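So the structure is just underneath, and the comments pick up after that.
The values are calculated or read from the model by the stated rules, or taken from the named source; none is laboratory data. Quick caveat, the model's predicted, so the values are computed rather than measured. Please note: Cβ atoms are built from the backbone with ideal geometry, for glycine as well, and neighbour counts cover all protein chains shown. Please note that ligands, DNA and RNA were not included when accessible areas were found on the heavy atoms of the full protein model with its side chains. Shrake-Rupley method; radii C 1.70, N 1.55, O 1.52, S 1.80 Å.
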Amino acid sequence: MIKTRMTAFALAAATALTPLAAQGEIEWLQWFAAENTDGFYDELVADFEAKHPDITVKLVTQPFGKVRESIVTDSAIGVGSDVLGLNMPWTKEFLDIGILEPLDDYLARDDNSFATGDLVEAPLGKIDGHTWMVPLNAFPFVMHVNMGLVREAGFDAPPATWAELSAQTSAISALQDGTSGIGMPFSSQPPSNGPILTFLPLLYANGGRIMDGTTPNFDNPKVVETLQYLKDMNDAGGMAPGAASRTGGVDLEEFIAGRTGFLISPGVHSSSITSRNPELDYTLVRVPSNGENAYRVHGWEIGISADSANKEDAWTFVNYLLSPEVNARAAKAANALPGNLKALDAVREGADETLIKQMDILSGDTPVEEMRQSPKAVGSWSVMTEEIQAMLRGDQTPAETATAVQARWIELAK
Amino acid sequence: MTSTIRQMTTKGTPYFFLLPGLVILGALLSVPLYKVVEYSLYDNVIVERNPTYVGLANYQTLLTDPGYWSAGLNTLLFTVGSVLGHMVVGIGLALLVNADIAPRARTFFRSMLVLPWIFTAVVVALNWQLLLNPFGLINYILQWMGLTTEPLDWLGDPNLAMWSLLLISTWRGYPFIMVSFLSGLQTVPRELYEAAEIDGAGFWSKFWHVTLPQLKPVIYGVALLDLIWTFQLFPLVWLSTGGGPGRATEVLSTLTFRLAFVDFQFSQAATVAVSILIISAAFTLLYLRNEARRL
């Protein structure tokens, strides 16, 4: 009797202490719900659970800046989530640690709710011979425009070329104290990613790249030319003062408040801009070109943890998220484009002008995403930030900046 | 036999009561401490499934890394500057709010002046970023007064960033010192001031010859505590400057975080953390010796 009770007690204790929940319960770690505060993702999970009564989903929401370190540390101590919200630039680092489950076999299944060929291509590209993530949504990096300031400075249309952008930023900065042509967020504060928000989109519109396959290639003429362009714009007063202490968040807030003419950032920010300041005379355009219509493609990706004990259930949930109907709802909620292009028509219905413009950019221009195969991507942003700060202070030339970044990045990747 | 068991039970009771505390201390202090030291002896952990034992190689790498010494020097500047700032402002304000004024006014000022202490580091960092922004209030006032012609990038200029950080740290940290000294001031016997006044002592003479000597034990203890806390301060620095511009405000705690969560070099990060631990332990020993002497 005593023995039976002891066994029952031990079983109960073991069940209570087991970190991975019972079969049919999966955990989804992401930052998406932090950017949609209207409860959309809670409803999405409830809808999924209603359709799949044998699976429950625990929604774990963290700010974007916290998710990467949580995935790594949770995985290390064996309490990682099953389904992971991912950012393409984290891919190579996560692969080196062995966090992600290859998705090739899942994608090859006949009973999926989507066709792999319909998914946005950028996150699917194979690294180490496998596909590691699928796109929940996608958006291009664009330039947001304060048309009120553009007109006040004497121009009729937003800039389409680098030369026009230089002219308009200087003219807007000259309007009055406290108004600047464009903000550049090159602060060292976390996530210290100003260069990938602003510099890379300008570089791609100049036909340049920073990677040669999986090897950093930062000291090339196109990079130097783009750095020189930034330096000239800063020297001409077109750039908001204090770039070295300006964060991406401040940059967005300053634009929303109507104090900067232009903002280069993901197209998904258009919903924040229009909802927070409906009075702003606002539009968005492709990042001004210097010879090439290319854009940095970005999005919210999804993967499955290699350590998940419920991979089948995790895939069932991912499969649900990628079905055209659900994917269209998720895209609309984020004011982004769907990861499943079959949902494009549903998203286009009732879409506002800014979303239509993003669709045009996506369909007509060349998408570029280099960071997903970059070694030490996050560390490399910090290095770029520090060297660009030094260049804008006048401590080094653009060519020296490119050389310094290349050397430090290679050292970091060793 | 029975008496032996009873004796053991009686003698063991105090240890039984100590057990929860020991278990908590063991779990929360000893295990992480042991793990950090252990991690520092491997090539890399957490991201490396099969780490290799490398002995003291990480310490050797660290001691030859200019980035470590630069962060160490910044930590020294930041710690000494902050503690001095806390002391000067804290003592000054403690004297002011200890003045013999209307009780309501005194309560009001004491409550207001303690406010910086209750704000979280995030709120403090964000507020000071707005104040120190090139278009912020501080630049506006300086230009309005004719002290500067161009807005200064307080947190983005390597020559100004550490000074700005010290200003923020002083503002955040003075209330603890102020409250400690205020309680110390209230224990100084009034007779000593009266005797000094009879001898013709003015404000400064009373401060140097009565107040400071009487507060000496409090000053020493509080300064050491402040030194220990500030030496390993992380959130305020990380959220205010991120260690930048460049590495102008990189301190040992931010270097630890950068190595761990930006570069995923967890063993190197553990090595820096151990060096912080050793220095903090030295300060703590000094503090404990001081407290023991006072008792």
Q. Is it true that residue A:105 is touching a Gly at 6+ places or on another chain (Cβ under 7 Å), in the same structural domain as residue A:331 (by TED's automatic domain parsing) and surrounded by fewer than 20 Cβ atoms within 10 Å (Cβ to Cβ)?
A. no
Q) For the stretch B:127-142, how many residues meet the condition of being of a type in the set (A, V, I, L, M, F, W, C), touching a residue at least 12 places away in the same chain (Cβ under 8 Å) and open to solvent by less than 50 Å² (accessible area, probe 1.4 Å)? A) 3
Q.
Pairs needed: first member in the stretch B:101-126, farther than 16 Å from residue B:236 by Cα; second member anywhere, open to solvent by 80 Å² or more (accessible area, probe 1.4 Å) and assigned to a helix (DSSP H, G or I); C-beta distance under 9 Å; at least 6 residues apart or different chains.
A. B:101/B:109; B:109/B:96; B:113/B:96
Q) Just to be sure, is residue A:112 surrounded by 15 or more Cβ atoms within 10 Å (Cβ to Cβ), at negative phi and not assigned by TED's automatic domain parsing to the domain that holds residue A:322? A) no
Q | Selected residue [modelled with pLDDT of 95 or more and either aromatic (Phe, Trp, Tyr) or open to solvent by 50 Å² or more (accessible area, probe 1.4 Å) (or both)] from B:145, B:162 | A | B:145
Q: Determine, yes or no, whether residue B:57 is of a type in the set (A, V, I, L, M), within 24 Å of the chain's Cα centre (by Cα) and open to solvent by less than 50 Å² (accessible area, probe 1.4 Å).
A: no
Q: Please go through the stretch A:363-399 and pick out each residue that is more than 14 Å from chain B (Cβ to nearest Cβ), of a type outside the set (A, V, I, L, M) and either within 17 Å of the chain's Cα centre (by Cα) or outside any loop (DSSP other than H, G, I, E, B) (or both).
A: A:363, A:364, A:366, A:367, A:369, A:370, A:372, A:373, A:398
Q.
Please determine whether any residue of the stretch A:350-362 is outside any helix (DSSP H, G or I), open to solvent by 10 Å² or more (accessible area, probe 1.4 Å) and out of contact with any Ser or Thr (no Cβ under 9 Å at 6 or more places or on another chain).
A. yes
(Q) Take the residues in the stretch B:264-295 that are within 23 Å of residue A:377 (Cα to Cα) and among the aromatic types (Phe, Trp, Tyr); name whichever of them is modelled with the highest pLDDT. (A) B:266
Q. Regarding residue A:326, is this residue at pLDDT 90 or above, under 28 Å from residue B:44 (Cα atoms), β-branched (Val, Ile, Thr) and more than 18 Å from the chain's Cα centre (by Cα)?
A. no
Q.
Within the stretch A:182-194, does at least one residue satisfy the condition of being more than 22 Å from residue A:248 (Cα to Cα) and either open to solvent by less than 40 Å² (accessible area, probe 1.4 Å) or more than 14 Å from chain B (Cβ to nearest Cβ) (or both)?
A. no
Q. Do you know which residues across the stretch A:216-256 are open to solvent by 30 Å² or more (accessible area, probe 1.4 Å), of a type in the set (Asp, Glu) and within 11 Å of another protein chain (Cβ to nearest Cβ)?
A. A:253
Q) From the list B:83, B:114, B:97, B:47, which residue is modelled with pLDDT under 95, touching a Gly at 6+ places or on another chain (Cβ under 9 Å) and of a type in the set (A, V, I, L, M)? A) B:47
(Q) For the structure I just gave you, tell me whether residue B:164 is in contact (Cβ under 8 Å) with a residue 24 or more places away in the chain and more than 12 Å from chain A (Cβ to nearest Cβ). (A) no
Q: Can you give me the number of residues within the stretch A:72-89 that are away from chain B (no Cβ under 11 Å) and either in contact with a helix residue (DSSP H, G or I) (Cβ under 8 Å, 6 or more places away or on another chain) or assigned to a helix (DSSP H, G or I) (or both)?
A: 10
Q.
Please verify whether residue B:196 is aliphatic (A, V, I, L, M), open to solvent by less than 40 Å² (accessible area, probe 1.4 Å), closer than 25 Å to residue B:87 by Cβ and touching a helix residue (DSSP H, G or I) at 6+ places or on another chain (Cβ under 7 Å), treating the condition exactly as stated.
A. yes
Q. Can you find a residue in the stretch B:223-236 that is in contact with a Ser or Thr (Cβ under 7 Å, 6 or more places away or on another chain) and under 13 Å from residue A:188 (Cβ atoms)?
A. no
